[in-house]
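Rule-based calculations on the coordinates, nothing more; no lab input. Predicted, not measured: the structure shown is a model, and the values here were computed from it. Positions of Cβ are backbone-derived with ideal geometry, glycine not excepted, and every protein chain shown enters the neighbour counts.
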Amino acid sequence: MKTISMASGAACFSTAEIVRRAAINAIQQGYTSYGPTEGLPVLREAIVQRYQNVNNVQVSPDRILITAGVKQALFNLFRAVLRPGDEVIAPVANWSGFYALISEVPAKLIMVPTLPVDNYTIHPTKLAAAITSKTCLFILCNPGNPRGRIYSEADIKRILSILKEHPEIIVLRDEIYDLVTFTGRVPSLLEFHDEHERFVIVNGFSKAFAMSGWRIGYLIVPEKYYQTCFKFQETTISGVSPFTQVAAAVALQNYQEVLEPMQKILTENRAFICSKLREMGNIRFNEPEATYYIFADLNAYLHKKTPDGKWLDSSIALCQYLQEKYALELLAGDYFGAPGFARISFALEPAHLHEALERLHTGLRALS
Ligand code: PMP
């Protein structure tokens, strides 16, 4: 049986033809040497336009730094601003990459749990209680991975009203899924007034544009952090490959045309997976407003026995069982700080999605 992965962070789609062709043309035209460290003007301008078109905000191209993916943008920022003893606050559940990246710098991660009663937004009182004199940075991933929840304008205002009392705390927003939405537009942090010039945005091409292998993303930072981040780029990677940047610019310039076919499949897949999971009876989940993940509560299937007598006491064990017996990969919620859950991607080819959900149903039914 061939393995089907619902664990991957990459969608099943190939990068759009128009984007692939742009990269090939750019190579033919000689975009093959070092480019400017901060990125090509054509891409920085396309990012400015993108925020103008989608979010109706004006960003200065001088604040944009092109990076080798969002991970590298985050690592750059963490290296630039975090010092030994600093604390970073992040709501939980959250993308495991934040935890991993923070472990590479001398700062401490403070995880603030979110609850179903708050619809998994960070509660302002809990945020206020987590802030200390050592807090340097607050991370918000919007839309959130793994829950697929969109923080609304009101949610963000509530968070910012707490952070208003602490102008020294940098507010970081990871917006990598902001164009993979089903229920409406995602407000960018750039739409809010940055009185203390401490808002940082990271965004990229891996998710909405199915360009995870191209390794391209960007940082939007206030002027006071720009030079340090620039220096880090210069020292470590000299800048992202220019032909990749030309292709990324084409993706942004044609974003509606590029996103539409993928969004159509994701919308159908989302409806299908939600109805199938509901049919299974004991899986609790919220319909994702964005991203291509369902974050499913699988507690009802824990503390059960597999047909060959193995006791499943965690979602890691449950995922292992599904992988070994049904060649089906899910990502255990433990990696996101939420044991008992699993992240299930529906960015699969529809035939694979149907087959994967059959396997999941059969695997769960076999437990006693
Ligand atoms: N941020 C989030 C929230 C992600 O889910 C991921 C990928 N799983 C990344 C950043 C990494 O993005 P990139 O591929 O651009 O490094």
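Going down the table (LYS134/LYS164; LYS2/LYS71; LYS108/LYS207; LYS108/LYS231), which pairs top 26 Å between alpha carbons? Listed pairs above 26 Å: LYS2/LYS71; LYS108/LYS207. Residue separation of ALA128 and THR183 scaled by 0.36 nm, minus their Cα-Cα distance, works out to 16.9 nm of gained length.
Taken about its Cα centre, the chain carries a charge dipole of roughly 580 debye when the Cβ of each Lys and Arg holds +1 and the Cβ of each Asp and Glu holds -1. Extending 7 Å from the Cα toward the beta-carbon at both GLU234 and ALA317 defines two label points whose distance is 5.5 nm. Available extension along the chain between SER103 and ARG278 is 59.3 nm, counting 0.36 nm per residue and deducting the alpha carbon span. Taking label points 7 Å from Cα along the Cα-to-Cβ direction, ALA271 and ALA366 give a separation of 3.2 nm. Working from Cα pairs under 8 Å separated by at least six residues, relative contact order for the chain is 25 percent. Rounded to the nearest whole angstrom, the semi-axes of the ellipsoid equivalent to segment 17-255, taken from the Cα gyration tensor as √(5λ), stand at 30, 20, 16, largest first. Would you tally the net charge around ASP313, using a Cβ to Cβ cut-off of less than 14 Å, leaving ASP313 out, and scoring K and R as +1, D and E as -1? So the environment of ASP313 carries a net charge of +2. Ordered by the number of other Cβ atoms lying within 10 Å of each residue's own Cβ, fewest first, MET211, MET262 fall into the sequence MET262, MET211. Packing order of peptides 129-135, 92-98, highest average first: 92-98, 129-135 (average count of other Cβ atoms within 10 Å over each peptide's residues). Here the 3J(HN,Hα) profile of segment 139-151, calculated from phi with Karplus coefficients 6.51, -1.76 and 1.60 at θ = phi - 60°, is 9, 10, 9, 9, x, x, 10, x, 7, x, 8, 9, 6 Hz, Gly and Pro shown as x. Placing a label point 7 Å from the Cα of GLU165 along the Cα-to-Cβ direction, the residues of segment 100-129 whose backbone N falls under 17 Å from that point are 122-129.
Each listed q (0.20 Å⁻¹) maps to a log10 I(q)/I(0) for segment 245-368 from the Debye sum over equal C-alpha point scatterers, namely -1.09.
Each Lys or Arg adds one and each Asp or Glu subtracts one; over the other residues with Cβ under 11 Å from the Cβ of SER368, this totals +3. Estimated from helices alone, the mean residue ellipticity of the chain at 222 nm is -12500 deg cm²/dmol (sum of -39500 (n - 2.57) over DSSP H runs with n ≥ 4, per residue).
Enumerate the helices in the chain for which the Kyte-Doolittle hydropathy averages -0.5 or more and the C-alpha atoms extend at least 18 Å along the helix's axis, using complete DSSP H runs. Qualifying helices: 41-55, 255-280. What number comes out for the charge environment of ASN282, summing +1 per Lys or Arg and -1 per Asp or Glu over other residues with Cβ under 12 Å away? Around ASN282, the surrounding residues sum to +2.
Segment 228-262 and segment 191-213 have Cα centres lying 12 Å from one another.
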